[in-house]
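Only one structure is covered here, and it is reproduced in the block below.
The values are calculated or read from the model by the stated rules, or taken from the named source; none is laboratory data. Worth saying up front: this structure is predicted, and the values here are computed from it rather than measured. Here Cβ is always computed from backbone atoms with ideal geometry, including for glycine, and neighbour counts include all displayed protein chains.
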Amino acid sequence: MHKKIINIAVIAHVDAGKSTLVDAFLKQSKVFRENEEKSTQTQIMDNNDLEKERGITIYSKNCSVQYKDYKINIVDTPGHSDFSSEVERILKTVDTVILLVDSSEGPMPQTRFVLSKSLELGLKPILLINKIDKQDQRATEVVDEVLELFMNLDANEEQLEFPVLYGIAKNGIVQKELTDKGENLVPLFEEIINHTGAYNPQFEEEPVQLQISSLGYDSFIGRLGIGRLFKGKLKKNQNVEISTNNGDILKGKINDLFIYEGLKRTETDLACAGEIVVISGIENISIGDTICEVGKINAMPKIIIEEPTMSMNFLVNNSPFAGKSGKYITTRNIKERLDKEQEINVGLKVEPMTDSSADGFKVFGRGELHLSVLIENMRREGFELGVSKPQVVFKEISGQKQEPIEEVIINVPTEYGGTVIKKLNLRKGLMQDMDSDGVRDKITYRIPTRGLIGFRKEFTNDTHGEGILVRRVDGFEPYKGEIPRRGNGVLVSIIEGVTLAYALNALEERGILFIGPQTKVYEGMIVGLHSRNNDLNVNPCKAKKLTNTRSSGTDDSVRLTPPTVFNLEESLEFIENDELVEVTPDAIRLRKTILKENERKKGGKTNF
């Protein structure tokens, strides 16, 4: 009997409630038994520690639910622009998208990007206005804003007739009208079936056509290809031909075949058209490859994989504290881990360092978040690294040096708009549009990726944490010239030891400290930001000299300002070309590439 299959994706801006909605889908379709821990868990699909902590989805994942006699495959997609190429590929495997929009925020910039891709692919979205229990909800206005957005994105007449539902994802409630009293997700399930309908059963009778849209890795069975079976029936142990993304024709065999049942990857002997399947056995399978029957090649349009726009050097940690907390510290360890990452992370490219004095690798990715997520995962797995300042990837086009340009959409309180505009202009940005309602300004810029390195922390401070900044790479343009760098120098330790409050108290007059008392430091480690534009060598471990006489008040305890502590992204944005971030499982430290003061004075060679 033919299976009724519908594939859907949930798309929205970061933090609009995508993962929460998928949680509700899974719980209400009885995927879990009552006694299972996951029946009360939240953010079930975000099973990576980083995803849980940051509250964002980094890796798109699949699951399925059963409603009546329909199997609904759900893909929870990333919302952050660094993972936009993943969003695009996933959209090609679905029948419809649920566009989730916050009832008070309205459609956000990232929503616009993902929605435009959906409309280009001819999908007919279902609009779900979420968080209607908010006190400042303005659901009716938001629906009008979404309609306006559809029109701006050249939606066709069918797409403009989108159904509208209202809900509170965290309570598992969706309703047809704002005034209804919702109880569960049934209205949404029904709308999916009525609006979309099951995948056409006639495609089952045609020759196999499966395009790989994402990759996985299993330590037992190796590289996995994941994609939608558009046509035919695929069998386990079937011999196939592969039309690769670059046009070559290869032979192969499907060793293992899986489909999704709930959250589990379930082995099956047969999969029918419409299913999202996972296959193993084809060693070098890659994004965009089309799996076909032997002698019946029917390749699908190739998938364009976004080129990296940024690189960092991943170096072996050579600080005096190397190996004290990490398990994996050698070049071989780092190489094996990066090779494994390349198996599934198509946006990543790794090259050996060309400089013979450097012990490490040049790693290319789609942005700071893309690369910092990899570094953070490696750190948690027990790796130690020295990481260089992010560098943009330049291209030579028609003999001209070109660099990546980003579209940046900023939403800030009006009183901070002027400061932000001034900073972006200094960073070679060009304003495209500005709109203000007297309370908040919405500003659109085109700016070199270089100009945004180190900007996020500044932006957060300038807007007192109230600004929203969304960015996406928007092609290459001729090199824009020099961009001002960090204006201040740093305070650099000249000694290895443990910091003392007495010494730090004296250093507070010279700048902003990054460490507190009783912290282990070494020569060449950065301990603070100098108030002037030059680096200053300091001794943060200097003890107070004791005398035979004591006068009143001299032994009062020292009161220090709490140190400024950087997370990984902020550290990478802060450092300059002659500095590194030392990343270990228990610490993130800033340091000079050349640790010894006398070698730095000689202008010694850096690692890159």
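Only one residue in 539, 548, 534 is exposed (fewer than 10 other Cβ atoms within 10 Å of the Cβ), at pLDDT 90 or above and farther than 23 Å from residue 386 by Cβ. Which one?
Numbers: 539 fails: exposed (fewer than 10 other Cβ atoms within 10 Å of the Cβ); 548 fails: at pLDDT 90 or above.
Just a single option satisfies the conditions, and that option is 534.
Out of 255, 245, report the one residue that is outside the structural domain of residue 589 (by TED's automatic domain parsing) and under 30 Å from residue 26 (Cβ atoms).
Exactly one of 255, 245 is outside the structural domain of residue 589 (by TED's automatic domain parsing) and under 30 Å from residue 26 (Cβ atoms), namely 255.
Just checking: which of the helices (runs of 4 or more DSSP H) contained wholly in region 1-112 hold 3 or more residues that are aliphatic (A, V, I, L, M) and either within 27 Å of residue 452 (Cβ to Cβ) or modelled with pLDDT under 65 (or both)?
84-91
What number goes with the only condition from (1) more than 17 Å from residue 95 (Cβ to Cβ); (2) modelled with pLDDT of 90 or more that residue 153 does not pass?
Single failed check for residue 153: (2).
Take residue 492 and decide whether it is assigned to a strand (DSSP E or B) and either closer than 21 Å to residue 535 by Cβ or free of Cβ contacts under 8 Å to residues at least 40 places away in the same chain (or both). Don't jump to the end; show me each part of the working.
Values: assigned to a strand (DSSP E or B): yes; either closer than 21 Å to residue 535 by Cβ or free of Cβ contacts under 8 Å to residues at least 40 places away in the same chain (or both): yes.
Judged against the criteria, residue 492 is a match.
Residue by residue, here is whether (1) buried (at least 21 other Cβ atoms within 10 Å of the Cβ); (2) in a loop (DSSP other than H, G, I, E, B) holds:
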residue	(1), (2)
396	no, no
411	no, no
420	yes, no
432	no, no
441	yes, no
472	no, no
482	no, yes
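Would you check which residues across region 293-310 are assigned to a strand (DSSP E or B) and either surrounded by fewer than 20 Cβ atoms within 10 Å (Cβ to Cβ) or in the same structural domain as residue 574 (by TED's automatic domain parsing) (or both) and list them?
From region 293-310, those assigned to a strand (DSSP E or B) are 293, 296, 310; that's our starting set.
Once the filter is applied, which keeps residues that are assigned to a strand (DSSP E or B) and either surrounded by fewer than 20 Cβ atoms within 10 Å (Cβ to Cβ) or in the same structural domain as residue 574 (by TED's automatic domain parsing) (or both), region 293-310 yields 293, 296.
Assess whether residue 206 counts as being within 21 Å of residue 6 (Cα to Cα) and among the acidic types (Asp, Glu). Write out each step before concluding.
Numbers: within 21 Å of residue 6 (Cα to Cα): yes; among the acidic types (Asp, Glu): yes.
Yes, satisfied.
Could you tell me which residue of region 328-372 is surrounded by the fewest Cβ atoms within 10 Å (Cβ to Cβ), considering only residues that are touching a residue at least 60 places away in the same chain (Cβ under 8 Å) and in a helix (DSSP H, G or I)?
Ranking the qualifying residues of region 328-372, first place goes to 340.
Test residue 577 against the stated conditions and say whether it is assigned to a loop (DSSP other than H, G, I, E, B) and modelled with pLDDT of 80 or more.
Yes; evaluated as a whole, the condition is true for this residue.
Each row is one residue, and each column tells you yes or no for (1) of a type outside the set (Phe, Trp, Tyr); (2) modelled with pLDDT under 85.
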site: 433; (1), (2): yes, no
site: 438; (1), (2): yes, yes
site: 444; (1), (2): yes, no
site: 499; (1), (2): yes, no
site: 504; (1), (2): yes, no
site: 514; (1), (2): no, no
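Checking residue 290 against (1) in contact with a Ser or Thr (Cβ under 7 Å, 6 or more places away or on another chain); (2) of a type in the set (S, T, N, Q); (3) closer than 21 Å to residue 378 by Cα, which test does it fail?
Exception for residue 290: condition (3).
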